Amino acid sequence: MKTTSSQKVKIGLFTFVGLLVVIAAVFFIGNQKSLFSATIKLEGRFNNVNGLQVGNNVRFAGINVGVVNDIDIINDTTVQVTLTINDEVKKFIKKDARMSIGSDGLMGDKLVVLMPGGANTTDMVKDGDHLNAVNPVDVDKIISKFTRMADNAGSLIDNLGQIVAKVNNGKGSLGRLLNNDKMAREMENTVTQAKATIQNVHKTTSTLNEDLTAAQHNFLLKGFFNKKKKAAKAKQDSIKKTQEKMNKKD
């Protein structure tokens, strides 16, 4: 079957449009990844990159200014991240700037955030400079801690539930006390008797005080109490004289 001229034109147009789409895609991706502009490379070292991948964006002041160029494992505790940054942005990034790992929204891709310096120096970064890195929070450890806390809380709730069930069923001293009417009445009677005993003690004490006062005024015992008072007064006078003698000697 021979190809007609109209089919050749259609094939040519389709091919041309396809090439335009490919060129536009390459240009767009290259522009996003800074492939067609002058760039510099910056490095930073983290303990944990928290899921960061090569090709993720680098953001400065909320603007995408580069991409993650490379991620290398230096040792078991250090990972080096190499960034490719647009050359025109380097004048805003100082040598004491820091890099950290963030997220593009709550569930977005990881990205590197450049935090501007300038407090201690005015020198801008150069190609190959090393920036201080702020290690990201280990989300796995936080989740693990919350999981353990939730498990402990669950165990505590189960134990409290068992204790309440035993109390409701009258088991244990507290359960018997709360659920046994006889024990409750006996305890109430005991408290009532204790109150009555305390009242009797107060009455007896008051009576003894009255009897003692009356005995002091009784003519038969008045001499006895007077002797007691005189003996106490003589003892106080003796102590007073002794203190006066000691004061005179001093």
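Descriptive notes on the structure:
- Temperature 37 °C, viscosity 0.692 mPa s: under these conditions the Stokes-Einstein estimate for region 38-137, based on its Kirkwood radius over C-alpha pairs, is 246 µm² per second.
- Subtracting the Cα-Cα distance of Leu13 and Ala165 from 0.36 nm times their residue separation leaves 46.5 nm of extension gain.
- Too-long pairs where the Cα-Cα distance tops 28 Å, listed order kept, from Lys195/Lys229; Lys227/Lys248; Lys90/Lys110: Lys195/Lys229; Lys227/Lys248
- Close amide H pairs (under 5 Å, H built 1.01 Å from N) link Thr39 with Asp87, residues at least 5 positions away or on another chain.
- Cα gyration tensor category, rounded, prolate or oblate, for region 36-86 with a/c compared to 1.5: prolate
Read-outs throughout are calculated quantities, based only on the coordinates presented, and are distinct from any laboratory measurement. Keep in mind the model is a prediction, meaning the values are calculated, not measured.
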